[in-house]
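The values are calculated or read from the model by the stated rules, or taken from the named source; none is laboratory data. Since we're looking at a predicted model, the values are computed, not measured. Cβ: placed from backbone, ideal geometry, glycine included. Neighbour counts: every protein chain shown.
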Amino acid sequence: MSNVSNYFRWVRTIGLISLMGAAFGLIQAQKPDPAAMASQYAATAKQNAQLMRQYTWQMRTELTLKGEPKPAQLYQMRFDADGKPQKTLISAPVEQDKKRGIRGRIRENKIEEFKDWAGELSELVKDYLAPTPGTMMDFYSKAAYAHAPDGSVQVSSTNFLNKGDKATFWLDPNTQIPIRFTFETVLDKDAVSGQVDFAQVAGGPQYASRVTINVPSKEVTSKIENFNYQKQ
């Protein structure tokens, strides 16, 4: 599963999820105004995206299949002068173990089938990591709020994007900044779960420091880590 390009969609998601903090205080007193929240989302997302363009960082991606870790890939990440995302592979490319004959063709077919499935999984994950303002407005209206054992504010609801799924956000009660986000859903009858851990550059943007996706039935785990943020 290739998730390198997904990160740039998560940049705007940070701004959207940051609304959770602002909404928490409002919901305690009155139902938040969807239009006001959408306006705040746009401003917050734009600000975070602009801050992100000032930085370079590194991304590490790793896939584990049937208990076997595949070689990790390390990328240098940045935005160019036009605001377009750029990535450069800085780790050694993975060597392909090619087999000839019937066994080789069978293996190639299985690899292609896996790539197709991984593509579908990638699109599903994108949807959960970049929800629309409308999706979040619906989430606010039905979410349950509680104080988590670690002291954070836990906000959760079902039917986030798909029937029967579940999404949960954890907020720092002091700063109202999102700490992490998890979701549980299904892809072709396979259970899929994901967790995003957030961090913030000192004086800079918020970002997804770690993203982990699990599909137990297929014994697949995908992990992405973003780190070493440096101002350009």
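Structural remarks
- Residues in the range 172-201 that are among the acidic types (Asp, Glu), more than 18 Å from residue 121 (Cβ to Cβ) and outside any strand (DSSP E or B): 1 in all.
- Test: residue in the range 183-192 that is of a type in the set (A, V, I, L, M, F, W, C), touching a helix residue (DSSP H, G or I) at 6+ places or on another chain (Cβ under 6 Å) and at pLDDT 95 or above: yes
- Taken over the range 199-214, the criterion of being under 10 Å from the mean Cα position of the chain (by Cα) and crowded, with 20+ Cβ neighbours inside 10 Å is satisfied by 207, 208, 211, 213.
- Per the listing 139, 169, the residue uniquely more than 18 Å from residue 211 (Cβ to Cβ) and either out of contact with any Asp or Glu (no Cβ under 9 Å at 6 or more places or on another chain) or assigned to a strand (DSSP E or B) (or both) is 139.
- When the range 119-136 is filtered for residues that are of a type in the set (A, V, I, L, M, F, W, C) and surrounded by fewer than 19 Cβ atoms within 10 Å (Cβ to Cβ), only 130 remains.
- Pairs with Cβ under 6 Å, 6+ apart, first in the range 142-157 and within 16 Å of residue 181 (Cβ to Cβ), second in a loop (DSSP other than H, G, I, E, B): 153/173; 154/148; 155/143; 157/143
- Filter pass, residue 75 being aromatic (Phe, Trp, Tyr), touching a helix residue (DSSP H, G or I) at 6+ places or on another chain (Cβ under 7 Å) and at pLDDT 75 or above: yes
- Top-ranked residue in the range 48-94 [being polar (S, T, N, Q) and assigned to a strand (DSSP E or B); ranked as farthest from residue 216 (Cα to Cα)]: 56
- A single entry from 165, 190, 172 fulfils the requirement of being charged (D, E, K, R) and either within 22 Å of residue 44 (Cα to Cα) or out of contact with any Ser or Thr (no Cβ under 6 Å at 6 or more places or on another chain) (or both): 172.
- Any hit, the range 84-96, residues being modelled with pLDDT of 75 or more, under 21 Å from residue 199 (Cβ atoms) and not aromatic (Phe, Trp, Tyr): yes
- Only residues that are buried (at least 16 other Cβ atoms within 10 Å of the Cβ) and without any contact (Cβ under 8 Å) to a residue 12 or more places away in the chain were counted across the range 159-198, and they come to 0.
- Pairs linking a residue in the range 213-224 that is in a loop (DSSP other than H, G, I, E, B) to a residue that is among the basic types (Lys, Arg) and at pLDDT 95 or above, with Cβ atoms under 6 Å and 6 or more positions apart or on different chains, do not occur.
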